[in-house]
Amino acid sequence: MAETHVVSALKRKYARLIGEAERHEQEADRIRALAGHIAASIDAFAEGFDVSQIKPVSPAYSRWRGRGIGIRIYLEVLRKADRPLTSLEIAERAIAFDPDGDCSRAGVKALVGPINKALSKKVGCGVVRIEGKPRRWALR
């Protein structure tokens, strides 16, 4: 006979998953209702336009969106560095952590601002900002 604590844990897990699925279904219904309102607005401006011609677009998944992922990657880049790095150099090296991401020059430059902001918050907590232009970062 199965252990009661195992069965109890599995029942709790099952209940959580079913609850999560119901919450996602409710959210999907809400989003569909919003899309219906947008479709009605399109019809108001362009009568007779068939919204079924519009193909759905899924947002691209990115590991960078998780909370705190970026700073962890930036700190890992600094740990492996043999000298202080500029924000642009950190961005170029950080791109290797997300091979499916935008590795164009513009994509790399777009990371510079978030890197400066994230590392500025960590100054004094192991991160050192080396004065001068361009900013350079290092770990103690």
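Summary of computed values
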quantity	calculated
Verdict on Ile130 being within 22 Å of the chain's Cα centre (by Cα) and either surrounded by 13 or more Cβ atoms within 10 Å (Cβ to Cβ) or touching a residue at least 40 places away in the same chain (Cβ under 8 Å) (or both)	no
Residue tally, condition at pLDDT below 85 and touching a Pro at 6+ places or on another chain (Cβ under 9 Å), over region 113-140	0
Arg67 vs. criteria under 28 Å from the mean Cα position of the chain (by Cα) and either modelled with pLDDT of 90 or more or assigned by TED's automatic domain parsing to the domain that holds Leu119 (or both)	yes
Test set (1) under 16 Å from the mean Cα position of the chain (by Cα); (2) crowded, with 17+ Cβ neighbours inside 10 Å; (3) not β-branched (Val, Ile, Thr) - Gly107 fails condition number	(2)
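The values are calculated or read from the model by the stated rules, or taken from the named source; none is laboratory data. Here the structure is a predicted model, which is why all the values come from computation and not from measurement. Every residue, glycine as well, gets a Cβ built from its backbone with ideal geometry; the counts of neighbours run over all protein chains shown.
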